[in-house]
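I have placed the structure first, in the form of structure tokens, so that the comments after it can refer back to it.
The values are calculated or read from the model by the stated rules, or taken from the named source; none is laboratory data. These figures come from a predicted structure and were not determined experimentally. Methodologically, a virtual Cβ is constructed for each residue, glycine included, from the backbone with ideal geometry; neighbour enumeration extends over all protein chains shown.
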Amino acid sequence: MKKTAFLLFFCFTAFTASFSQTKQAAISELIQVMKNDSMMNKMIDAMIPAMTNQMLSQVKDSTAKVQSTEIMKIAMETTKELAPKMNIMIASYYEKYFTESEINDFLAFYKSPTGQKSINLMPQMMNDMMGDMMKNYIPEMQKTMKIRVEEYLKKQKK
């Protein structure tokens, strides 16, 4: 009886370990197929002009504008250096939220021509969205926030 229980426990442990390794391998392949490193770098590169323009619109002094531009470059380069660590974090989320079967479904999609097109266009789409947000929504949001903060501060003075 003890031998049977031990054998069952051993088989279950071995099966679980191999299943986990298989899932981890699928997640690693998914991150590679999705070109996460280069996609993050391209998205950061695409976001820099919009973010820099937004920041520079708030700064009036020419020296401060030069400094702000350099600070933005430093921030973006630092972010790029973190990409490998971000991939580890991303892998942990795939492990947590998706089954191995779902990971394999993602792999099938991202290996397809449509999936590859999605991967290749994502940085440009993010750039377009960021530009549209900066142009169309951020000014409105800033205006609304300014009004609300002023109202709040008036109430605090009473």
Residue check: is residue 58 modelled with pLDDT under 75 and of a type in the set (S, T, N, Q)?
no
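I need a count of the residues in segment 76-108 that are hydrophobic (A, V, I, L, M, F, W, C), loosely packed, with under 13 Cβ neighbours inside 10 Å and in a helix (DSSP H, G or I). Talk me through it step by step, then tell me what you get.
First, pick out the residues of segment 76-108 that are hydrophobic (A, V, I, L, M, F, W, C): 76, 82-83, 86, 88-91, 98, 103, 106-108.
Then drop every residue that is not loosely packed, with under 13 Cβ neighbours inside 10 Å, which leaves 82, 88-89, 108.
With the extra rule that they be in a helix (DSSP H, G or I), the set shrinks to 88-89, 108.
Qualifying residue count, segment 76-108: 3.
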Given the conditions (1) in contact (Cβ under 8 Å) with a residue 60 or more places away in the chain; (2) touching a Phe, Trp or Tyr at 6+ places or on another chain (Cβ under 9 Å), every one holds for residue 98 apart from (1)
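For segment 47-59, indicate whether the set of residues that are more than 22 Å from residue 131 (Cβ to Cβ) and touching a helix residue (DSSP H, G or I) at 6+ places or on another chain (Cβ under 8 Å) is non-empty. If you could, list the steps in order and put the result at the bottom.
So in segment 47-59, the residues more than 22 Å from residue 131 (Cβ to Cβ) come out as none.
For segment 47-59, residues more than 22 Å from residue 131 (Cβ to Cβ) and touching a helix residue (DSSP H, G or I) at 6+ places or on another chain (Cβ under 8 Å): absent.
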Quick one: residue 7 ticks every box in (1) loosely packed, with under 15 Cβ neighbours inside 10 Å; (2) modelled with pLDDT of 80 or more except a single one, so which number is it?
(2)
